[in-house]
Amino acid sequence: MALRVVQPFGGHAIGEDITDAAEIAKILDSDHASFVVRVADPAPAEQAPPVQPVTPAEPKE
């Protein structure tokens, strides 16, 4: 989880992402908790199935 700043405070600018776990805990336990929103971690990308090599067709006679 990360936090995104929606109102500037303590040297943080709007739009800044805060990812340090200790900093996140400190902010959420402070009066500044209302100046951030929680941002979910991105979902892992689904793995595409392996690509099968294409064998060229034999020419017709």
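The values are calculated or read from the model by the stated rules, or taken from the named source; none is laboratory data. Quick caveat: nothing in here was measured; it's all calculated off a predicted structure. Glycine also receives a Cβ, built like all others from the backbone with ideal geometry; neighbour counts cover every protein chain displayed. To get the accessible areas, we keep the full protein, side chains included, count just its heavy atoms, and leave off ligands, DNA and RNA. Shrake-Rupley method; radii C 1.70, N 1.55, O 1.52, S 1.80 Å.
Overview of results
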{"quantity": "Nearest-20 debye value, the chain charge dipole, Cβ charges on Lys, Arg, Asp, Glu", "calculated": "120 debye"}
{"quantity": "Charge dipole (the chain, unit charges on Cβ, about Cα centre) - positive-most of 56, 22, 9", "calculated": "9"}
{"quantity": "Value of [θ]222 nm, deg cm²/dmol, for the chain, DSSP H segments ≥ 4, -39500 (n - 2.57) each, nearest 500", "calculated": "-3500 deg cm²/dmol"}
{"quantity": "Values of log10 I(q)/I(0), in the order q = 0.21 Å⁻¹, for the chain under a Debye, Cα-only, solvent-free model", "calculated": "-0.81"}
{"quantity": "Length gained when the stretch residue 29-residue 60 is fully extended (0.36 nm per residue, less Cα-Cα span)", "calculated": "3.7 nm"}
{"quantity": "Per residue solvent-accessible surface (Å²) - the chain, probe of 1.4 Å", "calculated": "87 Å²"}
{"quantity": "Neighbourhood net charge (14 Å Cβ-Cβ; Lys/Arg +1, Asp/Glu -1) for residue 18", "calculated": "-3"}
{"quantity": "Estimated FRET transfer efficiency when R0 is 25 angstrom, pair residue 41-residue 6 (beta carbons, to 0.05)", "calculated": "0.85"}
